[in-house]
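We did not get these values from a lab; they are worked out from the coordinates using the rules stated. As the structure is a prediction and not an experimental result, all values here were calculated from the model. Here Cβ is always computed from backbone atoms with ideal geometry, including for glycine, and neighbour counts include all displayed protein chains.
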Amino acid sequence: MAISFTVGSAGGEYMEAVVVLEWHASVGDMVTEGETIVTVETAKAAVDVEAPCDGTLSSILAETGAEIAVSEMLGTIGTSVDDTEAVVSPQEQMDEPETSTPSDAPIRSTKNWPAGDRIIVSPAARRAAQTRDINLAQIDASSPSGRIKLRDLPTDVTGVSVASPIATIPREIGPLKVYRSGAKTGVPIVMLHGFASDAQSWSPVERTLSPRHPIIRIDLPNHGKSPKRPIGVFRGLAREVVEAFDELELERAHLVGHSLGGACALSLADIRPRKLASVTLLAPGGLGPEINHTFLDGITRASKPDSLEQWLKLMVADDRLIGRDFVMAAMASRSDPALRVAQQAMAEEVFPDGTPGFDLRAALDRLDCPARIIWGKADRVLPWRNALAAPGRVGLHLLDRIGHVPQLEAPETVIDILKSVVAEAIT
């Protein structure tokens with residue numbers, strides 16, 4: 001039996017919830033009693049949580065960026081990586097009073113909730129519900145676990161402010177849109193698109209790979225057919241991607257990400273390393289502080305084909321690829337004003353002051369599966385030299401006369417590289 005551990009008394013007196021900042025150990029690592037294994041953030045400070053015993057970190061149950069109650073399990077320590085059936089640690093039994101709520105029980109407000117109903121809710125959603133006097137018994141959870149999250153709460157339509165685009169974003173509930181195609185057997189290839197794009201951007205690659213591989217494409221929040229809702233800073237976006245990936249219930253997957261989707265792929269690889277057979281990143285974000293902020297502002301605001309066309313051309317080295325049919329198809333996918341507003345707000349939060357508000361170079365260094373980076377040397381959105389941050393074990397493919405979207409500009413090359421990394425992972 002594994003020993004579970006929580007934040008417990010490390011969270012401080014009267015503290016109900018914390019945010020997981022950083023894991024200092026990975027699943028499978030040996031840990032010793034008293035060793036710092038995870039850092040969490042309370043309302044006042046960052047706090048280190050120590051291992052309650054010697055053993056192997058057999059599971060991580062709260063990913064980086066997650067907001068959890070202090071009573072919720074952070075992970076388990078067992079005799080091996082497969083030892084995950086948990087019992088409460090002796091220290092947690094001492095810290096927890098006899099009348100406390102079990103870690104898997106609902107966190108309740110005393111206002112408007114019918115007694116006896118079992119309601120499981122995240123700390124952030126609970127606080128928002130109390131503030132807005134929302135009866136959680138009437139809320140449907142979008143997660144298969146039945147846990148109500150902040151995204152499930154209804155929008156407050158009475159207080160729309162014209163001063164901030166964030167205030168006008170719809171707060172749609174539900175999971176991210178997932179598209180499946182291709183072979184029925186084999187390790188799936190999961191694809192994450194870039195900012196201001198959608199899952200259809202993978203079509204040139206998907207058509208060739210799908211006869212032999214299961215293909216799964218995901219629309220990011222505020223993109224394509226996924227819900228439009230505030231996601232906050234980058235870790236909120238990464239958390240949604242991890243949740244969508246977990247709900248696929250895959251044993252293993254090859255992960256492919258472009259631009260912002262590449263940043264999400266790196267975060268996912270850092271949180272779920274044992275689930276990934278390989279990682280391929282196309283011009284990924286998060287490897288340096290530079291980004292073309294004028295492009296971000298322009299493409300999110302473009303509301304007419306003629307203006308959108310100019311920003312689409314900036315993404316490629318040869319603008320002859322951006323014909324009128326391409327522009328009109330892209331405009332049709334962006335015709336909803338609410339989607340454009342949601343992306344404007346998302347850009348402001350994920351790229352504050354026109355700079356990526358996240359640094360994933362350490363996550364890149366921790367990759368331990370076959371990995372490749374593909375980058376066009378004519379990229380005018382993200383500088384290709386950021387690829388040089390990669391450790392030597394990550395293969396670099398720097399393409400001449402290719403811009404920010406290699407899957408569009410050089411699909412055959414991208415397909416060949418993907419076939420190679422998939423074959424490497426199998427062997």
(request) For residue 419, go through the lysines and keep the ones whose alpha-carbon is under 21 Å away, minus same-chain ones fewer than eight residues off. (result) 184, 275
(message) Amide H of residue 148 versus every other amide H placed in the peptide plane: which residues, excluding those fewer than 5 positions away on the same chain, fall under 5 Å?
(response) 120, 121, 122
(message) Less than 22 Å apart at the alpha-carbon level, and either on another chain or at least 8 residues along: which lysines does that give for residue 313?
(response) 304, 377
(request) Per residue, how big is the convex hull around the C-alpha atoms of the stretch 302-375? Give it to me in cubic angstrom, could you? (result) 146 Å³
(message) Given axes a ≥ b ≥ c from the Cα gyration tensor, I'd like to know whether the stretch 178-426 is rounded (a/c under 1.5), prolate (a/b larger than b/c) or oblate.
(response) rounded
(request) Could you tell me the largest-minus-smallest coordinate of the C-alpha atoms of the stretch 199-311 on each of the three principal axes, in descending order and whole angstroms? (result) 44, 33, 27
(request) Name the residues whose placed amide hydrogens come within less than 5 Å of the amide hydrogen of residue 282, ignoring near sequence neighbours (fewer than 5 apart) on the same chain. (result) 257, 258, 259, 374
(request) Work out the FRET efficiency for residue 133 and residue 413 from their Cβ-Cβ distance, taking R0 = 56 Å, and round it to the nearest 0.05. (result) 0.50
(message) Taking amide H atoms as placed 1.01 Å from N in the peptide plane, list the residues 5 or more away in sequence, or in a different chain, whose amide H sits under 5 Å from that of residue 183.
(response) 212, 213, 215
(request) Please give the net charge around residue 259, taking every other residue with its beta carbon less than 15 angstrom from that of residue 259, where Lys and Arg add +1 and Asp and Glu add -1. (result) -3
(request) Mind pulling the per residue volume of the convex hull built on the Cα atoms of the stretch 304-427? Å³ is fine. (result) 138 Å³
(request) Could you work out the Kirkwood radius for the stretch 196-251, taking every pair of different alpha carbons, averaging 1/r and inverting it, reported in Å? (result) 12.7 Å
(request) Quick one: net charge around residue 277, please, counting Lys, Arg +1 and Asp, Glu -1 for every other residue with C-beta under 14 Å from its C-beta. (result) +3
(request) Apply the Karplus parameterisation 6.51 cos²θ - 1.76 cosθ + 1.60, with θ equal to phi minus 60°, to every residue of the stretch 398-409 and state each ³J(HN,Hα) to the nearest whole Hz, in sequence, with x for glycine and proline. (result) 9, 9, 5, 6, 10, x, 7, 10, x, 5, 8, 7
(request) Provide the gained length on full extension for the span residue 41 to residue 366, in nm with one decimal, where the gain is 0.36 nm per separating residue minus the Cα-Cα distance. (result) 114.7 nm
